[in-house]
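A short write-up of the structure that comes next.
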Amino acid sequence: MEHLLKLSDLKKEELLAILETGHDLKKKLKAGIETPYLKGKTLGMIFQKASTRTRVSFEVGMNQLGGHPLYLSANDLQMGRGESIEDTARVLSRYLDGIMIRTFDQEDVEGLAEYGTIPVINGLTDLYHPCQILADFMTIQEVKGTLSGLKFAFVGDGNNMANSLIVGSLLVGAQIAIASPKEFQPNQAMLETYGDHPDFLLTEDPYEAVKDADVVFTDVWASMGDEAEAASRKAIFQNTYQVNQALLAVASSEVMVQHCLPAHKEEEITETVFEQHAHHIFEEAENRLHVQKAVLLHLMGVPAYAS
Ligand code: CP
Ligand code: NVA
C-alpha cells in the first residue's frame, strides 16, 4: 500500500490489517506505552475545507508517533494562487515524508500521489472520506466483534460518506443499503460498479434500507461546498431522511448508530437518537485518532507495519 486515496485501492487484507494496527495502538496508548515509530518524520496536512476531527486527530496522532505534523492552509500556499498540483507535489516531496489533504476534487488528491514521491492520504474530498469509514469500522468491530455478515444502512445524501461506505462495506463482506432521494443518489460511477452486487441495495425508502440493520449511518444533508443548496436540499430531505426513533424501530433490536460529525440535530438525526447513541458516536470520533495513526504507520512507518 503506497497511498490512501480511496478504499477501492485497498485489498480486504490491507484494510483489516490497518484496523488491527488501530486496535493495537489504542491499547498501547491507554496503557501508557510509547510508540515513537515516526521519529524524525514530517506529515504535511493541507486543508482546503474546515475540519475539527481530521485536523486534530492527525496532528495529535503524528505527535504521539514521535513525528511532526505541519498544518498547511491551502489559502496560504501558492496552490491557493494557482500553483499546479503537479509542481506542489514535486516540491513538497522534497521536504516532507507524507501528505494528508482535505480538498474538493478527488483528482487533486490523485494528482499529488501521481506527481509526488511520498505517501498521500485523502482526508476527505467531495467524492470520498476513507479515513472516516476506517474509524467507523474499527468502532463496529469493538461493539459487534465483526464486520462481515452485518447489515449496514445509510440514510441521507449520497455523498462522500455514502460512496466510501459502499466500497468499504462490500470489501469487508457486509451488506449495505443506501436510502437517498433520487436527486441525491451516490456517485453514478459507483452505482455502475457496485449496482448489481448482491449485498448492495439502493432505495428511496429509509424504512426499506434500515429494516433489520445492525448499524445505521447518517450524515448532513448539505456537505461542505453544498452550502448554497442548503435550503433547497432541506425541502427535499426533511421529514423523510431523518434517523429517528420510528425509523430505528424497524432495525435490529441491538442497532448501533454512527455519525461522522458534525451533526445537524433535528435534521438528519433527532437529538434523542443522537444522545441515546452518543457513546458509540464519540468512540467513533476517538477512533479517528487510532486508525489514522495506523494508516500513517502502514504508509510511512517501520517495516513491521508495512502492508
Ligand atoms: N468527521 C470529520 O471528518 O470531521 P471534521 O470535518 O471535523 O474533520
Ligand atoms: N459529508 C460531510 C462530511 C463531513 C465530515 C462533508 O463533506 O461536509
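Below are the figures for this structure:
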{"item": "Qualifying trypsin sites (Lys or Arg not before Pro) for segment 1-101 [loop in DSSP, other Cβ within 10 Å: at most 13]", "result": "LYS11, LYS39"}
{"item": "Longest to shortest principal axis, alpha-carbon extents of segment 43-100, angstrom", "result": "33, 25, 13"}
{"item": "Positive minus negative residues near THR272 (Lys, Arg vs Asp, Glu; Cβ under 11 Å)", "result": "-2"}
{"item": "Relative counts (whole %) of C-alpha pair distances in segment 111-195, using bins that are 5 Å wide", "result": "3, 14, 22, 23, 17, 12, 7, 3, 0"}
{"item": "Heavy-atom accessible surface of the chain: percent carbon and sulfur, 1.4 Å", "result": "48 percent"}
{"item": "Within a Gaussian network of the chain (alpha carbon springs, distance under 10 Å), most fluctuating of ALA162, ALA294, ALA31", "result": "ALA31"}
{"item": "Charge tally in the Cβ shell below 11 Å around ALA285, where Lys, Arg are +1 and Asp, Glu are -1, ALA285 excluded", "result": "-2"}
{"item": "Among 96-102, 235-241, 268-274, the order from most to least packed when residues are scored by Cβ within 10 Å on average", "result": "96-102, 268-274, 235-241"}
{"item": "Segment 224-287 versus segment 1-42: alpha-carbon centroid distance in Å", "result": "28 Å"}
{"item": "Quarter of the Cα convex hull surface for the chain, i.e. its orientation-mean projected area (nm²)", "result": "15.1 nm²"}
{"item": "222 nm mean residue ellipticity, helices alone, for the chain (DSSP H n ≥ 4; -39,500 (n - 2.57); rounded to 500)", "result": "-13000 deg cm²/dmol"}
{"item": "32 Å Cα-Cα threshold exceeded, pairs from LYS6/LYS26; LYS26/LYS234; LYS39/LYS265", "result": "LYS26/LYS234; LYS39/LYS265"}
{"item": "Net charge contributed by nearby residues that have their C-beta within less than 15 Å of GLY80 (K/R +1, D/E -1)", "result": "-2"}
{"item": "Probe 1.4 Å, protein heavy atoms only - accessible area per residue of the chain in square angstrom", "result": "42 Å²"}
{"item": "Percentage, to the nearest whole number, of Cα pairs in segment 1-147 over 24 Å apart", "result": "33 percent"}
{"item": "Listed residues ALA17, ALA189, ALA222, most fluctuating in the chain (Gaussian network, C-alpha, under 10 Å)", "result": "ALA189"}
{"item": "Cα gyration tensor of segment 204-307 - equivalent ellipsoid semi-axes, whole Å, descending", "result": "30, 19, 12"}
{"item": "Most mobile listed residue (GLY195, GLY156, GLY22) in the chain, GNM with C-alpha springs under 10 Å", "result": "GLY195"}
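The values are calculated or read from the model by the stated rules, or taken from the named source; none is laboratory data. From a predicted model like this one, the values you see are computed outputs, not experimental measurements. We place every Cβ from the backbone using ideal geometry, glycine too, and count neighbours over all the protein chains shown. Please note that ligands, DNA and RNA were not included when accessible areas were found on the heavy atoms of the full protein model with its side chains. Shrake-Rupley method; radii C 1.70, N 1.55, O 1.52, S 1.80 Å.
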